[in-house]
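Accompanying notes for the structure given below.
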Amino acid sequence: MTTTVQPQTAQALTFDVRDIPFSTKGAWFDLSPVVALHTTAEDVHLVSHQTGMHAVFVLVPETDGTRTETTITASPSLLTWTASDGEIDAAFDGVTCLRIRGRGISLRIGDASTGLTPFTGTYLFRDPIDGAAVFTSYETGRRYRVTSLKGDLDLVGAEALGVHVRDAVASGDDGWEVAIEEFESARPSYLPLLGFTDVERATARDFSAYLDRLAGWRDARTPAADLAAYVMWSATVRPLGFLRQESILMSMHWMDKVWSWDHCFNALALAPGDPAAALAQFRLIFDHQDASGALPDSVTHSEILYNFVKPPIHGWAFDKLRQRMPGVLSPEDLTNIYDELSAWTDFWLDSRRIDGHELAHYQHGNDSGWDNSSTFDSDRVIEAPDLAAFLVLQLDTLARLADELGLDAGATRRAERDAMAAALLAELWDGDTFIARAPLSGRTSSTTSLLNLLALVAAEFLPVEVRERVAASIAGHLTLWGPATELPSSPNYEPDGYWRGPIWAPSTVIVEDGLRSAGFVTLADTVSARFRRLCEKSGFAENFDAQTGEGLRDRAYTWTASSYLLLAQEALIRASDS
């Protein structure tokens, strides 16, 4: 399999399916050769994200029963395999059905599991009612029906048990077409309402409308905006399982969850063009707020994790969300958000502070979102400057919301805000930089991680001399592509070290916002421009090598795409204003 990517225009977006899965807004499955964590197969698979990431089918183009080499091209509405003697096209027909047609070559739709046991694998039978091939998957707990619309559909391994080949082979001298559906127990036999071309055109129109809502402001200065929008659109799933609202997964690769800070960046990108979707994206994680006020670490189709949390950036994000949203929020929305943010803040104040301590603490690097940052090398349990700064902003948000809603809590929240800001400076500023410390031993952290410098996001509450020193330290992290998460000159720096060197979207957005708030506009502009250039060069990876700009890890990350859109639109607004 080879892939090609055509030159980009607003009308003809293409992408490499090895990097970005082929899917559609609302679907829980995709086509991709990426079948597991850092695992890319030779052929494209149908991969479902119900009950986790599971490769259901391997899709193999064949000539006379033998695999044939093809070139794959993908656009938002069509994936095509092209061989020397034929072609196969795939397009989504709604959110639970995939249509595939071929000419000149056949397609083997093969069971991707290793065999059938009483608890694992896939079973195949031919439905006696309509003749469709039905695969039942233990891994996803769903059924996959393959209905022939034209040509022949031959089965291998129907009703077989144990280890056995299970295939449905679509072929036809005059061409062939099948529909593949993902569903639970039963549904009426598949009947096409539209021809293949009309199905493909309908999907193209849907994406075009989404693109115009999300990035109607785009122009030649934002060449990656169309692809960023596709990454977000194709990773948006319909409400299902534990996700009660339409949700943007972090990726349609293996990072197929919503984490409790990632969603904020996706909401910010949606806000100007689709404020209702943005608000829903911001609030969806609060559906699972527990009795203590804590948010889960992550939520996905069949799993909610509470063993860690994520940082309380939600006050900062909500203020930015309101700035970007047209119109005003209803009193009901504001009241609900006030209650949710209050409980989330009180979790940190009540459950993550030692008696007599003003500062809250993380219990592990995962709580900060910076899992393996060098700030956590000496101690995992730390009182950290970024955490204190986020709480200062969240308390400030709550104080202003209380005033807006006519509640009596404003003065209390301001007092808590001021006490937290004072402790940040008195206990975690050493006169030169911010440090973290273990709450019991008092041992201080290393100071080479960018994490310590995120406190600049609370610039309004920091003295000028502190802002200046922190901005100068941030400049030391800046490479040609953006702010490295570990000081490049540090012995702790690793090119592919996760939070120990690579550039990440959320840290870039927070740093850029902090610099701009602190008055360091030129440096903020540089951070924004370099990160945007990085995405235009290397796509929307989970993170990037800070020195080379190479994309690392998962290559279709929605918070990277949304951060690009956020920074790109803000840059265009500044250019227009000037």
Subject >> Within segment 78-101, considering residues that are open to solvent by less than 10 Å² (accessible area, probe 1.4 Å) and in contact with a Pro (Cβ under 8 Å, 6 or more places away or on another chain), the one farthest from F125 (Cα to Cα) >> reply: W81
Original post:
I573 passes all but one of (1) closer than 22 Å to G273 by Cβ; (2) open to solvent by less than 10 Å² (accessible area, probe 1.4 Å); which number fails?
Top reply: (2)
**OP:** State whether one or more residues within segment 333-356 are in contact with a helix residue (DSSP H, G or I) (Cβ under 9 Å, 6 or more places away or on another chain) and over 26 Å from H288 (Cα atoms).
**Re:** no
Subject >> segment 325-354 residues that are farther than 12 Å from L279 by Cα, paired with ones that are surrounded by 13 or more Cβ atoms within 10 Å (Cβ to Cβ) and β-branched (V, I, T) (beta carbon under 7 Å, 6 or more apart) >> reply: L341/T397
Subject >> In segment 458-472, the residues that are part of a helix (DSSP H, G or I) and open to solvent by 10 Å² or more (accessible area, probe 1.4 Å) >> reply: E460, F461, V464, E465, R467, E468, R469, A472
Subject >> Residues located in segment 152-177, provided they are of a type in the set (A, V, I, L, M, F, W, C), open to solvent by less than 20 Å² (accessible area, probe 1.4 Å) and not in a strand (DSSP E or B) >> reply: A160
Subject >> Residue list for segment 370-400, filter: in contact (Cβ under 8 Å) with a residue 24 or more places away in the chain, hydrophobic (A, V, I, L, M, F, W, C) and either surrounded by fewer than 24 Cβ atoms within 10 Å (Cβ to Cβ) or under 15 Å from D418 (Cβ atoms) (or both) >> reply: V381, A388, A389, L391, V392, L393, L395, L398
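Under the condition of being part of a loop (DSSP other than H, G, I, E, B) and among the β-branched types (V, I, T), which residue from segment 111-144 is least open to solvent (accessible area, probe 1.4 Å)? Please lay out each step first, then the result.
As a first pass, look at segment 111-144 and keep what is part of a loop (DSSP other than H, G, I, E, B): 112-121, 127-132, 138-141.
Cutting the leftovers down to among the β-branched types (V, I, T) gives us 114, 117, 120, 129, 140.
Details: T114: 131, T117: 61, T120: 59, I129: 145, T140: 1 Å².
Restricting to residues being part of a loop (DSSP other than H, G, I, E, B) and among the β-branched types (V, I, T), the top hit is T140.
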**OP:** Using the structure shown, decide if R108 is over 25 Å from A228 (Cβ atoms), basic (K, R), open to solvent by 20 Å² or more (accessible area, probe 1.4 Å) and touching a Pro at 6+ places or on another chain (Cβ under 9 Å).
**Re:** yes
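If you scan segment 502-519, which residues turn out to be open to solvent by 50 Å² or more (accessible area, probe 1.4 Å) and assigned to a helix (DSSP H, G or I)? Let's see the steps before the verdict.
So the first thing to find is which residues in segment 502-519 are open to solvent by 50 Å² or more (accessible area, probe 1.4 Å), and the list is 516-517, 519.
Result: R516, S517.
Quick grid of which residues meet (1) open to solvent by less than 40 Å² (accessible area, probe 1.4 Å); (2) in contact with a strand residue (DSSP E or B) (Cβ under 8 Å, 6 or more places away or on another chain); (3) of a type outside the set (A, V, I, L, M):
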{"residue": "A409", "(1), (2), (3)": "yes, no, no"}
{"residue": "R437", "(1), (2), (3)": "no, yes, yes"}
{"residue": "S441", "(1), (2), (3)": "no, no, yes"}
{"residue": "N452", "(1), (2), (3)": "yes, yes, yes"}
{"residue": "D496", "(1), (2), (3)": "no, yes, yes"}
Original post:
Quick one: F540 ticks every box in (1) touching a Leu at 6+ places or on another chain (Cβ under 6 Å); (2) closer than 16 Å to P502 by Cα; (3) crowded, with 22+ Cβ neighbours inside 10 Å bar one, so which box is it?
Top reply: (1)
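On the basis of being among the acidic types (D, E), farther than 19 Å from L243 by Cβ and open to solvent by 50 Å² or more (accessible area, probe 1.4 Å), does D367 make the cut?
Values: among the acidic types (D, E): yes; farther than 19 Å from L243 by Cβ: yes; open to solvent by 50 Å² or more (accessible area, probe 1.4 Å): no.
Answer is no for this residue.
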**OP:** Scan G356, G315 and give me the residue that is in a helix (DSSP H, G or I) and under 28 Å from A438 (Cα atoms).
**Re:** G315
**OP:** Give the residue that is surrounded by the most Cβ atoms within 10 Å (Cβ to Cβ), with candidates limited to residues of segment 232-283 that are touching a Leu at 6+ places or on another chain (Cβ under 8 Å) and among the basic types (K, R).
**Re:** K257
Subject >> T345 being polar (S, T, N, Q), open to solvent by less than 10 Å² (accessible area, probe 1.4 Å), in contact with an Asp or Glu (Cβ under 6 Å, 6 or more places away or on another chain) and closer than 18 Å to I285 by Cβ >> reply: no
Original post:
Of T522, T548, which residue is open to solvent by 10 Å² or more (accessible area, probe 1.4 Å), more than 24 Å from K257 (Cα to Cα) and part of a loop (DSSP other than H, G, I, E, B)?
Top reply: T548
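Out of all the residues in segment 484-500, which are within 29 Å of the chain's Cα centre (by Cα) and without any contact (Cβ under 8 Å) to a residue 60 or more places away in the chain? Quick ask: steps written out before the conclusion?
Step one: filter segment 484-500 for residues within 29 Å of the chain's Cα centre (by Cα), giving 484-488, 492-500.
Listed by number, the residues that qualify are L487, P488, Y493, E494, P495, D496.
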**OP:** Evaluate segment 288-295: report whether one residue or more is within 17 Å of the chain's Cα centre (by Cα) and crowded, with 23+ Cβ neighbours inside 10 Å.
**Re:** no
**OP:** For segment 343-357, indicate whether the set of residues that are polar (S, T, N, Q), more than 23 Å from the chain's Cα centre (by Cα) and modelled with pLDDT of 95 or more is non-empty.
**Re:** yes
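Out of the residues in segment 417-435 that are open to solvent by 50 Å² or more (accessible area, probe 1.4 Å) and in contact (Cβ under 8 Å) with a residue 60 or more places away in the chain, which is nearest to Q394 (Cα to Cα)? Spell out how you get there, then give the answer.
Initial filter on segment 417-435 (open to solvent by 50 Å² or more (accessible area, probe 1.4 Å)): 418, 422, 426-427, 430, 432.
Add one more test, that the residue is in contact (Cβ under 8 Å) with a residue 60 or more places away in the chain, and what stays is 422, 427.
Values: A422: 15, E427: 20 Å.
Once the filter is applied, the top-ranked residue is A422.
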Original post:
Among the numbered criteria (1) touching a residue at least 60 places away in the same chain (Cβ under 8 Å); (2) part of a helix (DSSP H, G or I); (3) out of contact with any helix residue (DSSP H, G or I) (no Cβ under 6 Å at 6 or more places or on another chain); (4) open to solvent by less than 20 Å² (accessible area, probe 1.4 Å), which single criterion is violated by D554?
Top reply: (2)
Original post:
If you check S75 against the conditions, is it within 28 Å of S185 (Cβ to Cβ), in contact with a Phe, Trp or Tyr (Cβ under 8 Å, 6 or more places away or on another chain) and surrounded by 17 or more Cβ atoms within 10 Å (Cβ to Cβ)?
Top reply: no
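The values are calculated or read from the model by the stated rules, or taken from the named source; none is laboratory data. Just so it is clear, the structure is predicted and the values come from calculations on it, not from any experiment. We place every Cβ from the backbone using ideal geometry, glycine too, and count neighbours over all the protein chains shown. With ligands, DNA and RNA removed, areas are computed over all heavy atoms of the protein, side chains included. Shrake-Rupley method; radii C 1.70, N 1.55, O 1.52, S 1.80 Å.
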